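Novice: This is the structure, below, for whatever I ask next.
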Amino acid sequence: MGYKQIDCFKIHLTILRILGVWPEENPSLCYIYLSRIFVFIFTVLYVVIYTVNFYFLPQQLEIFAEELIFYFSIIGALSKALAFIFLRDKFKKMLDMLESEVFQSDDPEEVKLIEKAKEKSMFYWKITAGLSVSANTANVFLPFVVHLIFSVKLEFPVCRYSFVPEQYEAIFLYPAYLYQSIGITSHMLYNVNIDTFLLGVMFLAMAQLDILDRKLRKVTDVCVNVNAPRGSVDRAIDDQNAVLEIIKCIKHYDAVYVYCKLIQDAFSVILFVLFSSGSCKICMCLFRFTLPAKTQYFVFLTLYVVVMTLQIMVPCWFGSRLIEKSSQITFAVYDCDWTPRCRRFKSNLRLLVERANKPIIIKGGKMFLLSLGTFTSIMNSAYSFFTLLRHMQSR
């Protein structure tokens, strides 16, 4: 083939390789040690320090709520990084399947469907990366530049380490600021590239379902002797060709099903943490709106809630699209000229319909179905938790 489906993930995997969670086939010993040190210091240890910091926080509800908002975010980034490390074989198998023979095509229309999915994947990456890098720059680098030029007091980009005594705060200011800056930047890059990687593999799955839909509607086009009498040699050849084509479609559907099962296995933990922490983040943001703060902080909270809502809604939306496209397979098979075909062809057709009657779904943690219904449930849960907190606060 003159194209590769997985080349749309080249930039994702390159950045994840730099961040130490996606090594090459035979990584050097130096890369192995450096990547492990980087992930431990700026991902695992980062979360541990943040967790310990809660014990030393001032007993003020608004401060505790603010810290929880970012805490759920870094927990999500940690789960994504560790998933790519420990489930690397599943991700690699998923990419290998995209380059397997069953997912390749020489038909210009089918190639166009795949190219469209690849373009959509890169479009979402560019949008997400652009917004995330801009926000991270404004949050991390801009305050440091303003501090250097105008001698404005430097505030930490994530949280103040309350366990550091005030007399040592000036000594640890710049090292702690650098550590938090690298940590939050790496977490932002994990979120951007892994989230858009999930969308990309889902786009390619939907493209394969569109290709299968197209093949099924034209599966009997191989029959050239339409008016051949039953029992003739020409009719037998047409029936044999039609059977071979429907068997190819069954194998294609099986491959798409296995591929989507791999997506579920690889992203199950990530989706579980994403949905669980997403509900908590939206709840804490809503609760923080009820507490006093500066106007700038309310603007930040508004934007943050919008971003967190989209982070949950977008995969749920395309999860629903995947279910919808897989459900349409049962209608596509009856769009071909199947009535005059032989009994063997109809038996294979019936087998495909029975398998396609159960739509392809993706679940997170074997609990959350990737669909708009789940998104609605998450938003309802977030609001329910918010009302519970408000009730407890008013007592």
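Novice: Tally up the residues in segment 269-292 that are over 21 Å from Met379 (Cβ atoms) and either surrounded by 15 or more Cβ atoms within 10 Å (Cβ to Cβ) or without any contact (Cβ under 8 Å) to a residue 24 or more places away in the chain (or both), please.
Specialist: 1
Novice: Could we say that Ala266 is farther than 19 Å from Asn380 by Cβ and in contact with a Lys or Arg (Cβ under 8 Å, 6 or more places away or on another chain) here?
Specialist: The answer is yes for Ala266.
Novice: Could you list all residues from segment 293-313 that are more than 17 Å from Ser134 (Cβ to Cβ), of a type in the set (S, T, N, Q) and surrounded by 15 or more Cβ atoms within 10 Å (Cβ to Cβ)?
Specialist: Thr309
Novice: Another question, then. Restricting to segment 1-31, and then to whatever is β-branched (Val, Ile, Thr) and farther than 16 Å from Leu87 by Cα, can you tell me which residue is modelled with the lowest pLDDT?
Specialist: Here the answer is Ile6.
Novice: Mind checking which helices (runs of 4 or more DSSP H) fall wholly inside segment 288-377 and carry at least 2 residues that are over 30 Å from Asp239 (Cβ atoms)?
Specialist: Hits in segment 288-377: 295-327.
Novice: For segment 85-101, check the following and say yes or no: at least one residue is among the β-branched types (Val, Ile, Thr) and within 23 Å of Met202 (Cα to Cα).
Specialist: Yes: one or more hits.
Novice: Six or more apart or on different chains, Cβ atoms under 7 Å: show the pairs whose first residue is in segment 67-79 and of a type in the set (S, T, N, Q) and whose second is part of a helix (DSSP H, G or I).
Specialist: So the pair list comes out as Ser73/Lys281; Ser79/Val269; Ser79/Ile270; Ser79/Val273.
Novice: Of all residues being surrounded by fewer than 17 Cβ atoms within 10 Å (Cβ to Cβ) and not basic (Lys, Arg) in segment 251-268, which is farthest from the chain's Cα centre (by Cα)? Just the residue, please. Walk me through how you get there before you give the answer.
Specialist: Start the filter on segment 251-268 by keeping residues that are surrounded by fewer than 17 Cβ atoms within 10 Å (Cβ to Cβ), which leaves 251, 254, 257-258, 261, 265.
Still in the list and also not basic (Lys, Arg): 254, 257-258, 265.
Numbers: Asp254: 23, Tyr257: 18, Val258: 18, Asp265: 13 Å.
Here the answer is Asp254.
Novice: How about segment 1-118: which helices (runs of 4 or more DSSP H) wholly inside it have at least 2 residues that are among the β-branched types (Val, Ile, Thr) and surrounded by 14 or more Cβ atoms within 10 Å (Cβ to Cβ)? Even if it seems obvious, please write down each step before you answer.
Specialist: Values: elements: 10-18, 29-39, 45-53, 61-86, 88-98.
Answer list for segment 1-118: 10-18, 45-53, 61-86.
Novice: Moving to a separate point now. Here is a list: Ser371, Ser347, Ser327, Ser384. Which entry is modelled with pLDDT of 90 or more, surrounded by fewer than 21 Cβ atoms within 10 Å (Cβ to Cβ) and over 30 Å from Thr220 (Cα atoms)?
Specialist: Result of the check over Ser371, Ser347, Ser327, Ser384: Ser384.
Novice: Can Thr185 be described as more than 30 Å from Trp338 (Cβ to Cβ) and within 18 Å of the chain's Cα centre (by Cα)?
Specialist: no
Let's see how each residue does on (1) surrounded by fewer than 17 Cβ atoms within 10 Å (Cβ to Cβ); (2) touching a helix residue (DSSP H, G or I) at 6+ places or on another chain (Cβ under 6 Å); (3) assigned to a helix (DSSP H, G or I):
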{"site": "Asn191", "(1), (2), (3)": "no, yes, yes"}
{"site": "Thr196", "(1), (2), (3)": "no, yes, yes"}
{"site": "Gly200", "(1), (2), (3)": "no, yes, yes"}
{"site": "Leu204", "(1), (2), (3)": "no, yes, yes"}
{"site": "Leu209", "(1), (2), (3)": "no, yes, yes"}
{"site": "Leu212", "(1), (2), (3)": "no, yes, yes"}
{"site": "Leu216", "(1), (2), (3)": "no, yes, yes"}
{"site": "Pro229", "(1), (2), (3)": "yes, no, no"}
{"site": "Arg235", "(1), (2), (3)": "no, no, yes"}
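Novice: Restrict the check to segment 133-142 and report whether at least one residue is in a helix (DSSP H, G or I), among the β-branched types (Val, Ile, Thr), surrounded by 15 or more Cβ atoms within 10 Å (Cβ to Cβ) and at pLDDT below 90.
Specialist: yes
Novice: Can you confirm whether segment 165-184 contains a residue that is of a type in the set (Gly, Ala, Ser), in contact (Cβ under 8 Å) with a residue 40 or more places away in the chain, in a helix (DSSP H, G or I) and within 30 Å of Lys112 (Cα to Cα)? Break it down stepwise before answering.
Specialist: If we filter segment 165-184 for residues that are of a type in the set (Gly, Ala, Ser), which is where we start, we get 170, 176, 181, 183.
Of the ones still in play, those that are also in contact (Cβ under 8 Å) with a residue 40 or more places away in the chain are 181, 183.
Of the ones still in play, those that are also in a helix (DSSP H, G or I) are 181, 183.
Add one more test, that the residue is within 30 Å of Lys112 (Cα to Cα), and what stays is none.
Looking through segment 165-184, none of the residues is of a type in the set (Gly, Ala, Ser), in contact (Cβ under 8 Å) with a residue 40 or more places away in the chain, in a helix (DSSP H, G or I) and within 30 Å of Lys112 (Cα to Cα).
The values are calculated or read from the model by the stated rules, or taken from the named source; none is laboratory data. Just so it is clear, the structure is predicted and the values come from calculations on it, not from any experiment. Here Cβ is always computed from backbone atoms with ideal geometry, including for glycine, and neighbour counts include all displayed protein chains.
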